[in-house]
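Here is the structure we will look at.
The values are calculated or read from the model by the stated rules, or taken from the named source; none is laboratory data. Note that this is a predicted model, so its numbers are computed, not measured. Positions of Cβ are backbone-derived with ideal geometry, glycine not excepted, and every protein chain shown enters the neighbour counts. Quick note on the areas: whole protein, heavy atoms, side chains included, nothing else; ligands and nucleic acids left out. Shrake-Rupley method; radii C 1.70, N 1.55, O 1.52, S 1.80 Å.
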Amino acid sequence: QVQLVESVGGLVQAGESLRLSCVASGRIFSIRVMGWYRQAPGKQRDLVAVITSGGSTTYADSVKGRFTISRDIAKNTVYLQMNSLKPDDTAVYYCNAEGRIAPTWGSFERWGQGTLVTVSS
């Protein structure tokens with residue numbers, strides 16, 4: 001069983017920063033990609049940023065230059081540093097991970113429980 005646990009989000013003012021973290025635990029052999037998605041009220045869940053085991057990153061256009069995703073492979077942890085936050089960034093942020101389970105090498109994909117980030121104007 002693989003689980004993802006996210007840090008608590010919070011309420012911040014526009015222009016401020018916030019850092020999210022997500023830890024994967026369980027019988028993990030390897031993690032191929034970890035990332036963050038978000039879902040605003042009444043909208044679909046969209047990609048925010050992902051990072052591969054090789055360090056390649058992909059960002060949504062709306063967060064480029066403001067958000068930075070990073071990863072500690074040894075700790076199975078992914079971070080999302082969010083700077084210059086805007087009210088439009090208000091959403092529930094979900095962590096996602098894909099990889100392989102030990103010892104069977106079976107594949108897995110898991111979602112975190114979600115954490116609310118609210119940005120006030």
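The alpha carbons of the range 16-59 give a radius of gyration and a Dmax of 12.9, 37 Å, in that order.
The portion of the accessible surface of the range 61-111 made up by carbon and sulfur, rounded to a whole percent, is 49 (1.4 Å probe; DNA, RNA and ligands excluded). Note on the range 13-111: dipole from Cβ charges, positive end direction compared against Ser30, Val78, Leu20; the farthest Cα belongs to Ser30.
Order Phe29, Phe108 by their accessible area, 1.4 angstrom probe, all chains in place, largest first.
Phe29, Phe108
With just the Cα atoms defining each centre, how far is the range 13-45 from the range 68-107? Give it in Å. So the separation of the two Cα centres works out to 4 Å. Rounded to whole numbers, the Karplus 3J(HN,Hα) couplings from phi for the range 54-66 are x, x, 6, 10, 9, 10, 5, 4, 5, 10, 4, x, 10 Hz, using 6.51 cos²θ - 1.76 cosθ + 1.60 with θ = phi - 60°, and x at Gly and Pro.
Taking amide H as placed 1.01 Å from N in the peptide plane, the amide H of Asn76 sits under 5 Å from none that are at least 5 places away or on another chain. Computed over protein heavy atoms with a 1.4 Å probe, the accessible surface of the chain works out to 54 Å² per residue.
Kindly state, as a whole number, the per residue volume in cubic angstrom of the convex hull around the alpha carbon atoms of the chain.
Details: hull volume 11.2 nm³, N = 121.
So the per-residue hull volume is 92 Å³.
Residue separation times 0.36 nm, minus the C-alpha to C-alpha distance between Thr57 and Gln1: what's the value? Each step should come with its number before you reach the end.
Details: separation 56, 0.36 × 56 = 20.16 nm, distance 2.65 nm.
Separation in residues times 0.36 nm, less the Cα-Cα distance, equals 17.5 nm.
Counting only aspartates and glutamates at least 8 places from Lys86 when in the same chain, those with an alpha carbon closer than 16 Å to its own are Glu16, Asp61.
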